Structure formats: C-alpha cells, structure tokens
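This report concerns only the one structure given below.
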Amino acid sequence: MAIAAEAVAEATFVEHSRGFRSRWYRTPSFVTGVSILGLIVLAAILAPVIAMHNPTDQDLLHTLAGPSWSHLLGTDDLGRDVWARLVYGARTDLQIAFLAVLFPFAIGTTIGLLSGYYGRWVDTIANWFVNVVVAFPFYVLIIALVFALGSGTRNIYIAITIVGWVSYTRIVRGEVLVAKRRDYVLAARSAGLSDPRILGRHLLPNVITQAIVFACSDIVLDILAIVTLGYLGLGVQRPRPDWGTMIADGQTYLTTHWMLSTIPGIAVVITALGLSLLADGLADLLRPE
Amino acid sequence: MSLGAYVVRRLLALIPIALGVTILVFFLIHLVPGDPARTILGNQATAPRVALLRHEWGLDRPLPVQYAKFMGRIVRGDLGSSLFYNTGAGHLALERLPVTLWLIGFGAVLSVLIAVPLATIGATYRDRIPDHLVRVVPLAGLGFPPFWVGIVLLLVFGLHLGRLFPVGGYGSGFFGHLHAMFLPALTVAFAIAPILIRSLRASLLEVLESDYVTTARSKGLPERRVLVNHALRNAIVSTVSVLGVNIGYLVGGTVVVEQVYAIPGVGQLMINAIFQRDFPIVQAVTLIFSVMVVLVYLITDIVHALLDPRVRFD
C-alpha cells in the first residue's frame, strides 16, 4: 500500500518532467527568457575577460568621455570605464539577487508546507506572521531593516528574507490545502507513512512547482530592491560596481551626460525581462495538462 | 452575516496584526548591531550623552518593560522625538503626509487610467496582435526600477521636450500640485499599472464569457454597450480591489520616487532621517506607513463586501 502510494506521487512528478522535456523548446517565452538571461549571466561570468578595464580604476585625465574604441560606453565622472562597471555590476547584482532569493524560498516553502499540512495553531501562528509582514509596504520595510542592520551584502540578504518569505508561504500553503485532500496523500496517510515522509516525498514535489515559478519573478523584485538600495546609498557599497549606484552617480550629470544614468537602468530592465519571460514560460510548461 | 457584523469581525482581526506591527517596529532598534545608542550617536558622542540616550529610550531596561513603555507612548500618540529637529517624530511625519497622500492618490488614478484602456483592448482582441502587445506590458513593465523611470521621465519631459514639467517640488494650489506632481505620479503609476493590467484583462475575459453578457449580446445590444455597461463596470470593481491589495507596493514606491523628484513628503523625510541616523523618525514613518496600508486593506474589504455580498459569507 505504501509503495502504491509512492508510485502515484512518483507518476505525477514524472508526468510533469516528461511534458517539460518535450515541450520546452516550443514555448517561445521560455526560450527567449533563457536566451536573454543566459547572455547576461555569461557576460557576468566572463566579466574579467570581456571588461577590458578594471571597473574601479580611475583615470582623472579622461573623465566623462564619450564612447570610443578604448572605452565602448565612455567613462564616468572619475574616468572609470562604463562598460567594465556594467558587466562587473551584473556580476554583483545577479549574484546577490540569486542568493537572496534562496533563503526566503527555503524558509517560506517550509513554513507553508507545515502550516498547510498541520493546520490549527501552526497555521494560526504562521498566518499571524504573514499578516504582520504584509502590513508593511515592501520598500519601506526593506529600507528600514537595512538602515537598522547597517548597509552591506549580508544585511541585504537578511532584510530580503524577512520581507520575502511570506509570498512563498502563502503560495505553498494554498497548494498544500488542495493537495492534502487528493487521493495520493490520503493513500499515503492510510498506509501509515510518517508525516515527514508524506511531507517530503509526496507533498513537496507536487507543491514546489508554483514556488519555483514564483521564485523567478521574485528575483526580479529582489534585483529592483538591491538596485534601489544601491541608488539610495544603502546597498552595495562603493567602489564595488553596482547598477543602482551607477544610476545614482550618473544622475548628477543628467543634463550633460544622460547616458550614465540610462545605460545601467536599461541593463536592469533587460535582465528583469529575461527573468519574467522565463517565469511566464515555466508557468506554462509546468501547468499540468 | 450583516455588513455591521462583518465590519466588527474585520476590526477585531486587526488587533493582533496591529500588535504584531508595533512589535516589529519596536524591534527595529534592537536589530542595530552593538549598542544602538552608541551606533546612532556616532563615535564623536561623549559617554554621558550616550548613557542619557540609552536611558531616555529605556534601553537599559528589560525588553518587556521597554515594549510596554513603547506601546504606552504610541497609545498616547507620541512616536518619539527626532534627534535632529528636536520635535515630535509623529508630528514631523504627519505634517508631510498630505504631500505623500497626494502622490499616492494621483498615482492610483493615473494607474487606473492607464490600465483600463489597455486591458480592454487586450480582452476584446483576445489572442490577436493587440492582445499580445498588451500582454507584454506586465511582463516587461514590472522590471522597470521606479526611481530609474522617474529619472528617464525627468530627462525627457523635464529637461527636453520644451521643459513641460518642473523637475522637482510640490507646486502650490490644486492645479499647481496637479502640474508639479504629474511626472512623479506617472512614475508611481507605471510601477503599479502592470499588475492592474494583468488582473483586469483576466477578469474582463471571465466576465465576457458569463451568461449575462451572452444575454446582453443576444438582446442585440451593440458590442460597445455590452463592453462598457456590462463587462467593464464589473471588471473595474475587481481592479480597485487589486489596487487595494497592492497598496503596499504603491506606497513603498512613493518613498523612492519622492527622492528622485525632491518632493517634501514622508518618504523623503524617512530617507533623510536615515542619513542623519535619526532613528525615531524612521520608526515613526515605518509605523505610519503600515497603519496606512492596514487601513486601506480594511477599506478595500468593506467596500468589496458592500459591492459583493458573497464575500461576507466566506
């Protein structure tokens, strides 16, 4: 009986992945999203090779220069190469964003799984925490937390985790409430499987797809938060290159050198578009037929 | 359940949330690494000054006592006093609240004005080229950093194109505000519009397939009237509640946008306070913003229950 129950769960999971394998290249948004993101990640990884300049090297004799062969996108107010800062900025911001999404994902999914499965007081307490966090405007709470904790990468992770886990909990809890009434869970339960086994082997694989899809769009929100903190001077600290500080530094020269603020913003928009398309395509692909 | 009973139940549900919000705001100060009083006053501050602040904020007492004192002050409407301006932090924030409310309200109106036509076009041309274009907007739009959109709008409309709009400030009088706040409000609207377009399009599609729309069509009503009088009226109700649910995102966006356009609102007060390490102001603003969000949730729920009695029996 227990084995039969496992087989049902296994089958639903395999069904998803088989559909995925045969259909991914026919989902345009997924392919476009992966291509855009792939190029940006590649640029970030290859930054030392393709940057051609050190992103923090100042050249005070050639400040605010226009695009040229030696400086593809020109130089900023301290004579630093804009192209080099852009690709190294991708390295910084993508790295922080990808790491920052992991903690809320893991914590939120776990709490959602437990509160949905056990209900009662576990659910009541989890809901209370969710409602309290949701009462704060996203940016206000992040800014307040980073201010209290102090700027720096580690504290960005902490702030994003405190604010971000609630969405995962809400999504996973909803999915669990539906899934726990399905036959395969009832079968696993009546077969006498332990709670950890039902949660880990049967419920988790079935409810996690929605959380993964959400994580892709959540990275977009995290990138925006990181860049916004950088812009306000609370995020990545100078001289480490980051798109947010680049936009802030360029704003001073908006009237004469508009490219300095616009280019890093375009980089954010393109990265976010890649991630949104990827999330959209994933949602399509993982939807059970 | 009567509407009155529903409202009472919603109000009661607010109590634990309000308590949680105050606890989180209270704990902000304990997230400060090391001795908060020393960190906030900086290295130049003398030891007696630090000790005085520590005592003034009750940091030398046990946590529950500190929280009780904190709550006692909040209940009396005292949100602490600014370290920099030497006045009440709550007073400072409330003084600037009208500016921020203007920005939020104006932004919300503009976002609905952007979302409704686009979503209607998407829903009426379902799966054809106009619809595909409309569906790209939410996908791409959510990735625009609000502060950067602000800078680009400033660049295009404030500095070029005949300097149509002022590059900062708040203006005076109703039309002055309308003129000065147009670009900031548009920036705020751009941030929230993608979410609205997505949900309004979805609910329009649902309504267009419902029985009463089919009935209206079979009566021979022109498609335009079916759309405006039957479908849109219903879909807008759900859009407004989506706007309510996302009010936190809208309010948070204003903080950053006020910084870009130098608008003297609550958000700017918060950011300035951060650089002056004026802790009571940051706490007060965070608290005021969250109270605002909770109130909007409440109003949205009540309006929703008024318009759709099914909600009350949930």
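Bear in mind these aren't lab numbers, they're just calculated from the coordinates by the rules spelled out. Owing to the predicted nature of the structure, the values given are computational and were not obtained by experimental measurement. A quick note on method: Cβ atoms are made from the backbone with ideal geometry, for glycine too, and the neighbour counts reach across all protein chains shown.
Okay, here's what the table says:
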{"quantity": "Mean Kyte hydropathy of -0.5 or more with a Cα span along the axis of at least 15 Å, helices from DSSP in chain B", "calculated": "B:3-31, B:63-75, B:89-124, B:129-141, B:182-208, B:233-245, B:247-261, B:279-307"}
{"quantity": "Residue exposure sequence - B:Thr124, A:Thr255 - by fewest surrounding Cβ within 10 Å", "calculated": "A:Thr255, B:Thr124"}
{"quantity": "Stretchable slack from A:Thr110 to A:Trp128, in nm (0.36 nm times residue separation minus alpha-carbon distance)", "calculated": "4.9 nm"}
{"quantity": "Cα→Cβ-extended label distance, 7 Å offset, between A:Val41 and A:Ile270, nm", "calculated": "1.7"}
{"quantity": "Approximate spin-label separation A:Thr32-B:Phe84, in nm, with each point projected 7 Å along Cα-to-Cβ", "calculated": "4.5"}
{"quantity": "Ordering of B:23-31, B:170-178 by burial proxy (mean other Cβ atoms within 10 Å per residue, highest first)", "calculated": "B:23-31, B:170-178"}
{"quantity": "Shielding by other protein chains, B:242-249, mean Cβ within 10 Å", "calculated": "2"}
{"quantity": "Other protein chain Cβ atoms within 10 Å, averaged over every residue that makes up B:10-18", "calculated": "2"}
{"quantity": "Nitroxide proxy distance, nm - points 7 Å out along Cα→Cβ at B:Arg61 and A:Ile212", "calculated": "5.2"}
{"quantity": "Kyte-Doolittle mean at least 0.5 and Cα axial length at least 30 Å: DSSP H helices in chain A", "calculated": "A:82-118, A:153-179, A:204-232, A:259-286"}
{"quantity": "With eigenvalues of the C-alpha gyration tensor scaled by 5 and rooted, the protein assembly as shown, Å", "calculated": "38, 32, 29"}
{"quantity": "Where Rh is the Kirkwood radius over Cα pairs, Rg/Rh for chain A", "calculated": "1.07"}
{"quantity": "Sorted by Cβ density within 10 Å, fewest first, the residues B:Ile302, B:Ile15, B:Ile263, B:Ile114", "calculated": "B:Ile15, B:Ile302, B:Ile114, B:Ile263"}
{"quantity": "Expected-Rg normalisation [2.2 N^0.38 Å, Cα atoms] applied to region B:127-235", "calculated": "1.46"}
{"quantity": "Charge dipole (region A:2-286, unit charges on Cβ, about Cα centre) - positive-most of A:Ala248, A:Ile162, A:Gly150", "calculated": "A:Ile162"}
{"quantity": "Approximate shape of region A:114-251 as ellipsoid semi-axes (Cα gyration tensor, √5λ), whole Å, largest first", "calculated": "38, 15, 11"}
{"quantity": "Computed [θ] at 222 nm, deg cm²/dmol, chain A (DSSP H ≥ 4; -39,500 (n - 2.57); rounded to nearest 500)", "calculated": "-24500 deg cm²/dmol"}
{"quantity": "Peptides ranked, highest mean first, by Cβ atoms within 10 Å: ranges B:218-228, B:136-146, A:139-149", "calculated": "A:139-149, B:136-146, B:218-228"}
{"quantity": "Loop sites in region A:168-246: trypsin sites (Lys or Arg not before Pro), DSSP, at most 16 other Cβ within 10 Å", "calculated": "A:Arg181, A:Arg182"}
{"quantity": "26 Å tail of the calculated P(r), chain B, as % of Cα pairs", "calculated": "58"}
{"quantity": "Virtual paramagnetic centre 7 Å along Cα→Cβ of B:Leu52, amide N under 19 Å, in region B:64-94", "calculated": "B:80-89"}
{"quantity": "CD proxy at 222 nm, helix term only [per DSSP H run n ≥ 4: -39500 (n - 2.57); per residue of chain B; nearest 500]", "calculated": "-24000 deg cm²/dmol"}
{"quantity": "For residues of B:132-145, the mean tally of beta carbons on other chains within 10 Å", "calculated": "5"}
{"quantity": "Förster radius 22 Å - calculated FRET efficiency between B:Leu113 and B:Ser172, Cβ distance, rounded to 0.05", "calculated": "0.35"}
